[in-house]
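These notes are about the structure you will find just below.
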Amino acid sequence: MHRFAKALMLLSIFCLSGIVLSCNTHGSNPTVAVKAVATAIRLTKPPSSYQDTLIVRGNAAVFYYPDSLQLNKYKAAIDSNAYKSIDHEFFYQLHYAHLAIKKYWPKILIAECNMYRYLKFIGAGKTYELVDLDTKGDIYGLFVFDGKKAPVQVDLTNVETQVGFYFTK
């Protein structure tokens, strides 16, 4: 399960507890509260507004972000405080990941991707791997690619270790 999904599930459980306690205290219908939380748990990343493909060759780190319409749909689907917390966490994870890659792997091209749905990693011998970002649970993320091995999605909280292992193997 992705980190975002786990955080959302925990938030939903806390919300459910608060809603149920509130419903019992004020005589409201707890069934409605349970349905609202069940909907929040099933929240998935909204689909991209774009259908374009970013072509990636050679050593690269590709950071992906939601497009503006996708982000608006995402914001509308969750509580504003939960969104602020998630956005704050991703902001610092992405910032740190950028700094780490620039510091430890300065020859790796960094690409930013928010207007593409697909990433097409083209390797040696013109082999390729296509990644559909709509299938990735997190709205923000990172893939690394060396042109020889399959691309790997990197956990933003473990950039130094995972990127280091990928490029040294």
Query raised in the report: Condition test on Ala111, is it at pLDDT 95 or above and outside any strand (DSSP E or B)?
Result: no
The residue that is surrounded by the most Cβ atoms within 10 Å (Cβ to Cβ), considering only those in the stretch 116-139 that are in a loop (DSSP other than H, G, I, E, B) and modelled with pLDDT under 95, is Asp138
Ala111 meets each of (1) closer than 21 Å to Thr44 by Cβ; (2) touching a residue at least 12 places away in the same chain (Cβ under 8 Å) with one exception, condition (1)
Open item on the list: Looking at the stretch 64-73, can you tell me whether even one residue there is of a type in the set (Lys, Arg) and within 16 Å of the chain's Cα centre (by Cα)?
Closed with: yes
Tyr116 fails exactly one of (1) closer than 16 Å to Thr53 by Cα; (2) touching a helix residue (DSSP H, G or I) at 6+ places or on another chain (Cβ under 8 Å); (3) without any contact (Cβ under 8 Å) to a residue 40 or more places away in the chain, namely (3)
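The values are calculated or read from the model by the stated rules, or taken from the named source; none is laboratory data. These figures come from a predicted structure and were not determined experimentally. Positions of Cβ are generated from backbone atoms using ideal geometry, with glycine treated the same way; all protein chains shown enter the neighbour counts.
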